[in-house]
1. For segment 106-124, which residues satisfy the criterion of being assigned to a helix (DSSP H, G or I) and closer than 24 Å to Val34 by Cα?
2. Let me confirm something: among Glu36, Glu87, Glu46, Glu50, which residue is at negative phi, touching a residue at least 60 places away in the same chain (Cβ under 8 Å) and more than 14 Å from the chain's Cα centre (by Cα)?
3. Among Leu103, Leu131, Leu141, Leu156, which is aliphatic (A, V, I, L, M) and either on the phi > 0 side of the Ramachandran plot or modelled with pLDDT of 85 or more (or both)?
4. Restricting the search to segment 117-146, which residues are closer than 21 Å to Thr15 by Cα and in contact (Cβ under 8 Å) with a residue 40 or more places away in the chain?
5. Could you tell me whether segment 141-162 includes any residue that is assigned to a helix (DSSP H, G or I) and closer than 30 Å to Ala78 by Cα?
6. Only one of these is in contact (Cβ under 8 Å) with a residue 40 or more places away in the chain and under 16 Å from Lys33 (Cα atoms): Leu63, Leu103. Name it.
7. Checking Met51 against (1) farther than 23 Å from Ser35 by Cβ; (2) surrounded by 16 or more Cβ atoms within 10 Å (Cβ to Cβ), which test does it fail?
8. Taking the criterion of being among the charged types (D, E, K, R), assigned by TED's automatic domain parsing to the domain that holds Arg45 and at pLDDT below 85, would at least one residue in segment 108-125 satisfy it?
Amino acid sequence: MLTRQQKSQIIEDLTKKTKESQSVLMVDFTSLKVSEANTLRKSLRESNIEMKAVKKTLVQRILKNAGIKDFNIFQFPASIALIFSPEEGMVASKSVYDFSKKLKDRSFKILGGFMGGKFINSEMVVTLAKLPSREVLLSQLLYVLNSMPRALVGVLQGNLRKLVFALDAIAKAKK
């Protein structure tokens, strides 16, 4: 059993991680085998993401210390693990979602998370996970921006072509 000093140190460390993280996800890891949990931790670690299993009472204090006041962690009946992502939240949500798809038969659940101090539900986390990566979105935006001038030039050339055809028709009619 942990002493008060150890608990306060854990709360202080995890509060700091919560404040520094771009996103904090919450998952129910109750039905995971140890080997599966280790696999998840390893895959998250490769993306510089950390997973910590923490008691709900400590999570409630951590969130309160991090400035998230109107949230009740006890609405979730299961054991909770926090996933801290120092980078954009899509990376963590994509990793956790991909892992949960592998375990269809078990009850590994994404419970929700926090981005920018605001709670996002599990559906929003899944939606974020399904979005393309930042690089893909930027390339799609570049394609759209690049195609606009081409379309404008095509429209303007069409009007000029029609004018030339009309003038040619008038010239042939006068001959």
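1. Just the residues of segment 106-124 that are assigned to a helix (DSSP H, G or I), to begin with: 122-124.
Ser122, the sole residue that qualifies.
2. Numbers: Glu87 fails: more than 14 Å from the chain's Cα centre (by Cα); Glu46 fails: touching a residue at least 60 places away in the same chain (Cβ under 8 Å); Glu50 fails: touching a residue at least 60 places away in the same chain (Cβ under 8 Å).
Within the list Glu36, Glu87, Glu46, Glu50, the selection yields Glu36.
3. From the options Leu103, Leu131, Leu141, Leu156, the qualifying one is Leu141.
4. Residues of segment 117-146 closer than 21 Å to Thr15 by Cα: 117-121.
Answer for segment 117-146, where residues must be closer than 21 Å to Thr15 by Cα and in contact (Cβ under 8 Å) with a residue 40 or more places away in the chain: Gly117, Phe119.
5. Of the residues in segment 141-162, the ones assigned to a helix (DSSP H, G or I) are 141-162.
Filter once more, keeping what is closer than 30 Å to Ala78 by Cα: none.
No; the residues of segment 141-162 include none that is assigned to a helix (DSSP H, G or I) and closer than 30 Å to Ala78 by Cα.
6. Details: Leu63 fails: under 16 Å from Lys33 (Cα atoms).
When all the criteria are applied, what remains is Leu103.
7. Failing condition for Met51: (1).
8. So in segment 108-125, the residues among the charged types (D, E, K, R) come out as 109, 118, 123.
In the following step, the residues that additionally are assigned by TED's automatic domain parsing to the domain that holds Arg45 were identified as 109, 118, 123.
Restricting the remaining residues to those that are at pLDDT below 85 gives 109, 118.
Within segment 108-125 (the criterion being among the charged types (D, E, K, R), assigned by TED's automatic domain parsing to the domain that holds Arg45 and at pLDDT below 85), the answer is yes, since at least one residue qualifies.
The values are calculated or read from the model by the stated rules, or taken from the named source; none is laboratory data. Everything quoted here is computed from the prediction, not taken from an experiment. Note that we place each Cβ from the backbone using ideal geometry, even for glycine, and neighbour counts take in every protein chain shown.
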